[in-house]
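Report on the following structure.
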Amino acid sequence: MLEMSESPALPAPVGAGVYNVYTGAAVDGAAGAVIPTAAQLGLEPPRFCAECGRRMIVQVRPTGWWAKCSRHGQVDSTDLDMRR
Ligand SMILES: [Zn+2]
């Protein structure tokens, strides 16, 4: 069994790890150290792009959410489910 605690397959807007997707704070700063897991993202949509820190357009549906960075594209919660 492979153990993958952090999937490298997460799309850049949630997986880049440069900015916290919930606060927009730089991850290398004291406030931004929390890197979301796919499991956390299943419960709460990201608000900021992990790659560039821009505020994303977020749409919440009954079944999940999508979030869109104008530079790095759209992430859909169903995509994360498939990669989990
Ligand atoms: Zn971005």
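The values are calculated or read from the model by the stated rules, or taken from the named source; none is laboratory data. The structure presented is a predicted model; accordingly, all values stated were derived computationally and were not measured. Every residue, glycine as well, gets a Cβ built from its backbone with ideal geometry; the counts of neighbours run over all protein chains shown.
If you check residue 84 against the conditions, is it more than 16 Å from the ligand (Cβ to nearest atom) and modelled with pLDDT under 80?
Considered against the rule, which asks whether it is more than 16 Å from the ligand (Cβ to nearest atom) and modelled with pLDDT under 80, residue 84 comes out as yes.
Those residues that are in contact with a Leu (Cβ under 9 Å, 6 or more places away or on another chain) and more than 10 Å from the ligand (Cβ to nearest atom), I need them from segment 49-64; list them, please.
If the condition is that a residue be in contact with a Leu (Cβ under 9 Å, 6 or more places away or on another chain) and more than 10 Å from the ligand (Cβ to nearest atom), then 64 is the only one that fits.
Any residue at all in segment 53-64 that's part of a strand (DSSP E or B) and either modelled with pLDDT under 90 or of a type in the set (Gly, Ala, Ser) (or both)?
yes
Looking at this structure, is residue 9 at pLDDT below 75 and assigned to a helix (DSSP H, G or I)?
no
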